[in-house]
Amino acid sequence: MFFSTVYYDGSISVGIGFLNEKNRKQGACLIVYTHGNHPSIMRLVPQAVGLQLSGSSISVPVRTIRSGGFRSFASIQTNRYKEKIRPVKAGYSVGRPDASGTAGLIVTNFPERNQLYVLSNNHVLNSDNSPSFTETLQPGGADGGRSGIDTIGRLDRFVALRKTGANFVDGATSIPLRNSLLTPRYATVGELPGHVSSYRIGDRMKKVGRTTGLVKGVVESIHTDIMVDYGDYGNLGTIRFRNQTVIRGVNRVSLPGDSGSVWLRARDHFAAAVNFAGTVDGRRSIAYPVEWFMQVFQTRVATAKGVGSVLRASNRNHSQVRPLTPAQLRSITVRQVKKQTKQRPTK
């Protein structure tokens, strides 16, 4: 995307959004998210930037949003979605033995359609960003899940997070001990019709996360480059993600434990975006298109009869997210984790 490499000292991410969300006729703008509004920072952000588009010079206005830092979330905070549930549905706590996140979706391999998986984040299902064996517990370890007793499966595939270079997805799948431990349903919604390949700035979303529960948000910006703090996880520190989506909530929408939760398009419940991080105050979710996950892992939303449908966008413009390009897909390596220890059946 032509905005994705623009940075200013003191900013943490740059993307595309509306200049005035209450009057969209004013058009699009460049959004710069900053840690604060100190005058020394604000002076560095111009009111507009000049760009070349289709051979023509244009001036694009800049809108500054004070957001604070972005960080990944897998934590010990709790709510009613931390409970043990069988079979497991999307929206509930899952995780490795030392942390909890959210089961974002129940997906199936495609086109075979014979194996169910839990869709979530790498940092939720993977103990250290490596192909080492990791149990999947439900509820996750931070919610009292116990190894063996509450084991529902194991880490199966993941995309390793890069300390240098650009990241596109924080994603992983967990394979259950048996398919009957999972149900293709989403908390408070039921069976989903499928997923969308694209969505727009301004689209209204909803999701269920292990910590915040049922929340609503609106797509504030897309094609956004973001620096996300992973702390000590995998010795990553702060790493860069390209072309991400920022979804803003009236209330808190992304808190520790919500990692892996999936945003649905509010009007029809089609899966849209995978949450993996948020601002410290929880009012902004950082997500990537669920279509990217489906492309990378070759999966689809699972339904009782097989797979959900895919709504393809009929038109492509800068107000919409886009599927990964063939070149981007080639740059993403999915790593397979071998089963290394014998597991006891869950009760």
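The values are calculated or read from the model by the stated rules, or taken from the named source; none is laboratory data. Computed from a prediction, not measured in an experiment: that's the story for all the values here. In this analysis, Cβ positions are derived from the backbone assuming ideal geometry, glycine residues included, and neighbour counts consider all displayed protein chains. The protein model used for the area step is the full one, side chains on, heavy atoms only, and it has no ligands, DNA or RNA in it. Shrake-Rupley method; radii C 1.70, N 1.55, O 1.52, S 1.80 Å.
Key figures for this structure:
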read-out	value
Of all residues making up segment 83-113, the number that are over 15 Å from ARG154 (Cα atoms), touching a strand residue (DSSP E or B) at 6+ places or on another chain (Cβ under 6 Å) and in a loop (DSSP other than H, G, I, E, B)	5
Filter result for THR299 (touching a residue at least 60 places away in the same chain (Cβ under 8 Å), of a type in the set (Ser, Thr, Tyr) and open to solvent by less than 10 Å² (accessible area, probe 1.4 Å))	yes
Residue count for segment 221-240, restricted to those that are under 15 Å from the mean Cα position of the chain (by Cα) and not β-branched (Val, Ile, Thr)	7
Complete set of residues in segment 171-186 that are touching a Pro at 6+ places or on another chain (Cβ under 8 Å) and under 23 Å from VAL215 (Cβ atoms)	THR183
Matching residues in segment 114-155 - criterion: being assigned to a strand (DSSP E or B) and hydroxyl-bearing (Ser, Thr, Tyr)	TYR117, SER120, THR136, THR151
Residues located in segment 302-312, provided they are open to solvent by 30 Å² or more (accessible area, probe 1.4 Å), part of a loop (DSSP other than H, G, I, E, B) and touching a residue at least 12 places away in the same chain (Cβ under 8 Å)	ALA304, ARG312
Looking only at segment 114-136, and only at residues there that are of a type in the set (A, V, I, L, M, F, W, C) and touching a strand residue (DSSP E or B) at 6+ places or on another chain (Cβ under 6 Å), the one that is surrounded by the fewest Cβ atoms within 10 Å (Cβ to Cβ)	LEU116
Residue, surrounded by the most Cβ atoms within 10 Å (Cβ to Cβ), within segment 156-195, restricted to residues that are in contact with an Asp or Glu (Cβ under 7 Å, 6 or more places away or on another chain) and not in a loop (DSSP other than H, G, I, E, B)	SER174
Among (1) within 30 Å of GLU135 (Cβ to Cβ); (2) of a type outside the set (D, E, K, R); (3) open to solvent by 20 Å² or more (accessible area, probe 1.4 Å) - the single one ALA271 does not satisfy	(3)
Hits in segment 219-242 (condition: open to solvent by 20 Å² or more (accessible area, probe 1.4 Å) and of a type outside the set (Gly, Ala, Ser))	MET227, ASP229, ASP232, TYR233, ASN235, THR238, ARG240, ARG242
Looking only at segment 70-98, and only at residues there that are modelled with pLDDT under 95 and open to solvent by less than 20 Å² (accessible area, probe 1.4 Å), the one that is nearest to THR34 (Cα to Cα)	PHE70
Only one of ASP258, ASP268, ASP281 that is assigned to a loop (DSSP other than H, G, I, E, B) and at pLDDT below 95	ASP281
Cβ pairs under 9 Å, 6+ apart, first in segment 175-197 and over 12 Å from ARG265 (Cβ atoms), second part of a helix (DSSP H, G or I) and among the hydroxyl-bearing types (Ser, Thr, Tyr)	ALA187/TYR81
Any chance ILE286 is in contact with a Phe, Trp or Tyr (Cβ under 9 Å, 6 or more places away or on another chain), at negative phi and surrounded by fewer than 19 Cβ atoms within 10 Å (Cβ to Cβ)	no
Members of segment 196-223 found to be in a strand (DSSP E or B), farther than 23 Å from VAL124 by Cα and of a type in the set (Val, Ile, Thr), listed by number	VAL196, VAL218, VAL219, ILE222
